[in-house]
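See below for the structure under consideration.
The values are calculated or read from the model by the stated rules, or taken from the named source; none is laboratory data. Here the structure is a predicted model, which is why all the values come from computation and not from measurement. Here the Cβ positions follow ideal geometry from the backbone for every residue, glycine too, while neighbour counts run over all protein chains shown. Surface areas here come from the heavy atoms of the whole protein model, side chains and all, with no ligands, DNA or RNA. Shrake-Rupley method; radii C 1.70, N 1.55, O 1.52, S 1.80 Å.
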Amino acid sequence: MENKTQFTKDLPNKRIVVERTFDAPLTDVWRAWTENELLDQWWAPRPWHTETKSLTFKEGGYWLYVMAGPNGERHWCKIDFITIDNLKSFEVYNYFCDENGEKNTAFPTMTWKNSFTETAAGTKVLVDIRFSNEKDLATIVEMGFEAGFTAALGNLDQFIEAQFKLRKDMKTSSKARVTTYLNFPGNTEEALNFYKSVFKTEFIGGGIKRFGEIPEQAGHPPIAESVKKMVLHAQLPTLGGHVLMATDAPKEMGFTLTNGNNMHICLEPETREETKRIFDELSAGGTVTMPLQDMFFGSYFGEFTDKYGINWMVNHINS
C-alpha cells in the first residue's frame, strides 16, 4: 500500500504535526535523515534540489544547506541540532539564513522534533513542528510548506526504493565473503549461462537483475531502451563456495572495457568500519576509480586499482 503523509495543523497550540511511514528498517531511515550525502538526494521537492555546505550531526552541530531551484534560485537554510537520542529522535532549530549561516529574521524560526519508531510496516517518522506564534505558522503554510514537504517525503520513498530494492535478493547473510566480479560489454547473460552449464549450478540472489529495474532518480537521465534489458547484477556459484558476480558495462552508459579492467576481486566485509579500513589501506598508492560511498542498490561501495595494478571492489551491504 502506498505510504501517505498525514498533516495536522494545530493553530491554537502553534504546531504542525507530520507523520509518514517508510518501507525500510529504522537504521536506514535514520541515516537518510542525518547524513548529508543522503539528505541531498531527497530533501528538496523537485525540480529543486539540496546542496549541503556543511553538516555536523551532533548536539551543538548544524546543517547548512541551500535549496537550489531550476532557474538559478538559491535559498539558504540552517538547522541547529539541539538534542539527539540516537535512532529515536532529534530536536532542531530550523530557519532561513545567508550562505554563512546568519539568520534571516524576515522569516519564521521553527523548532522541529523528529521521532523514529520501528513498526511492522517499516519505520514511522513523526515530525512535530512548533512556532512562537500563530502568524509564523500561517506564514510557513502560505509559503507552500505542506505541498513542498509532502513532495520531499515522496522523494524519500522513491529514494528508499532505489537504495534498498535489491538488498534482500543480493545477499541473505552479513557474513564476510570474497567473490570475483566480472564486467561484460553487453553479453553477460550469454557468458553466465555458459558458466552455469559448466558448473551445473543455479543463479542465487533472486536471479538476474536488469537495468530496467532501477527506479528513476532525480538528476539522472532516463535509462536508454537499448540498455534496460541488459544485466545489472547476477550471482552464480562455481566451486567450494566461490561466487561469480557479473554485470553488463554498456558503452551507452560511458563504460569502456578492455582485457584487464573487466575483472575485480570483490571483498564484502561485515561492517562499514572494516569496509572503510580495508578500502583506505588497500588503495593507498593506487588509483581510486570510484570513491567509497552509499549507492542506490543499498551498499557502501567503492572500487580501485591498487599500486600493483590489481582491481578491487569493496562492498558492504547496509543493514
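Figures for the structure shown
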quantity	calculated
Filter result for Gly154 (more than 24 Å from the chain's Cα centre (by Cα) and either crowded, with 18+ Cβ neighbours inside 10 Å or assigned to a loop (DSSP other than H, G, I, E, B) (or both))	no
Of residues in region 102-129 being of a type in the set (Gly, Ala, Ser) and either modelled with pLDDT of 95 or more or closer than 30 Å to Lys4 by Cα (or both), the one surrounded by the fewest Cβ atoms within 10 Å (Cβ to Cβ)	Ala120
Count - residues of region 12-53 that are open to solvent by 40 Å² or more (accessible area, probe 1.4 Å) and out of contact with any helix residue (DSSP H, G or I) (no Cβ under 6 Å at 6 or more places or on another chain)	17
Leading residue by the ranking (modelled with the lowest pLDDT) among those in region 243-260 that are open to solvent by less than 60 Å² (accessible area, probe 1.4 Å) and in a loop (DSSP other than H, G, I, E, B)	Leu257
One residue from Glu99, Glu91, Glu146 being open to solvent by 40 Å² or more (accessible area, probe 1.4 Å) and in a helix (DSSP H, G or I)	Glu146
Whichever residue in region 262-282 is among the aliphatic types (A, V, I, L, M) and closer than 16 Å to Ser299 by Cα and, among such residues, is surrounded by the most Cβ atoms within 10 Å (Cβ to Cβ)	Leu267
Tally of residues being among the aliphatic types (A, V, I, L, M) and in a loop (DSSP other than H, G, I, E, B) across region 102-138	3
